[in-house]
Amino acid sequence: MATTRSAVVYADFLSRHLTDETDLVDVGCGAGELTLELASAVRHVTGVDSDPSEVQQAQRTAQSIGVDNAVFAAGSAYALPLPDDGTDVVFGHSVLEALDHPAEALTEMKRVLKPGGVLAVASVEYEGLILAGPHEELVRRFFDIRTRLWQSEGADPYLGRRLRGLLHGVGMVSVEATTKCISYGTKDAVVEFGLGRADDCMDDWFAGSANRDGLATADDLTAIRQAWLDWSESPDSYAAFAWCRALGQKPHDA
């Protein structure tokens, strides 16, 4: 299975709702990896992100690869720079769990949908983490630290299980919720995943916040990083995450 940030992996549950007549909005698009891949399946896509530097990167990438049906704008998930009732599908990948008020963001996503339009969201669910391989206690500690850091900043790594209820709560109908396990179980995938987590251990935000909050010392993080490097080389290593996804329709009379 592919493990990169791709539509095949992360947006497959949405594909049946996309046609060459679809106008799509991608909320929390980041640097546009998913947005630009989804552009090939729709008439037009608008990516929105709160980070202007990410928006600029997405614009540059679109130009460099010749995608002419995608535009990007800086904006908040709570105040999308888009008109009411204007788009067919709104997609939010890995965005709600980072927000203090996910229901307010969903209400805003619903606002820009045409009546009958589809709202699709996906969030990781940390309770669904599966890990095997060497130094299991240390590599699991990495995720314990990250979970506690996210929670201290208002994020919710367990939001995925609530997506169905959240969509119902903002008035969406015909809601469908599913869970997909994304696996790292080949040599290349294990190397990619393990080296990525090793790099995270030295990330300024992760290391600085963990030290500030008393969750790990510099020596602790060095040991955890080495554990991930060893993990990335082991034939016994395996990891998988549960991703919860939900789809809902805006009522025709909304």
Being farther than 30 Å from residue 148 by Cβ, modelled with pLDDT of 95 or more and surrounded by 14 or more Cβ atoms within 10 Å (Cβ to Cβ): is that true of residue 67 here? yes
I need every pair where a residue in the stretch 156-182 that is within 14 Å of residue 104 (Cα to Cα) has its Cβ under 9 Å from the Cβ of a residue that is basic (Lys, Arg) and assigned to a strand (DSSP E or B), sequence separation at least 6 or different chains. 163/245
Out of all the residues in the stretch 125-139, is one or more modelled with pLDDT under 95, closer than 15 Å to residue 10 by Cβ and outside any strand (DSSP E or B)? no
How about the stretch 179-206: which of its residues are within 15 Å of residue 124 (Cβ to Cβ) and surrounded by 13 or more Cβ atoms within 10 Å (Cβ to Cβ)? 179, 180, 182, 183, 184, 193, 196, 197, 200
Which one of these is among the small types (Gly, Ala, Ser), in a strand (DSSP E or B) and touching a residue at least 24 places away in the same chain (Cβ under 8 Å): 242, 227, 254, 216? 242
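Condition first: charged (D, E, K, R) and in contact with a Cys (Cβ under 6 Å, 6 or more places away or on another chain). Now tell me which residues in the stretch 162-193 satisfy that.
none
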On the given criteria, is residue 104 over 17 Å from residue 177 (Cα atoms), under 19 Å from the mean Cα position of the chain (by Cα) and among the acidic types (Asp, Glu)? yes
Residues in the stretch 26-38: is at least one exposed (fewer than 15 other Cβ atoms within 10 Å of the Cβ), part of a loop (DSSP other than H, G, I, E, B) and among the small types (Gly, Ala, Ser)? no
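Please note which strands (runs of 3 or more DSSP E) are completely contained in the stretch 39-107 and include at least 3 residues that are touching a Ser or Thr at 6+ places or on another chain (Cβ under 9 Å) and within 23 Å of residue 157 (Cβ to Cβ).
Hits in the stretch 39-107: 87-93.
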Restricting to the stretch 150-192, count the residues that are assigned to a helix (DSSP H, G or I) and under 16 Å from the mean Cα position of the chain (by Cα). 6
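Is it the case that residue 85 is farther than 30 Å from residue 189 by Cα and among the acidic types (Asp, Glu)? Write out each step before concluding.
Working: farther than 30 Å from residue 189 by Cα: yes; among the acidic types (Asp, Glu): yes.
Yes, satisfied.
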Please count how many residues of the stretch 159-178 are surrounded by 15 or more Cβ atoms within 10 Å (Cβ to Cβ) and under 14 Å from residue 244 (Cα atoms). 10
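The values are calculated or read from the model by the stated rules, or taken from the named source; none is laboratory data. Just so we're clear, the structure is a prediction, and the values are computed from it rather than from any experiment. Here the Cβ is made from the backbone with ideal geometry for all residues, glycine too, and neighbour counts use every protein chain on show.
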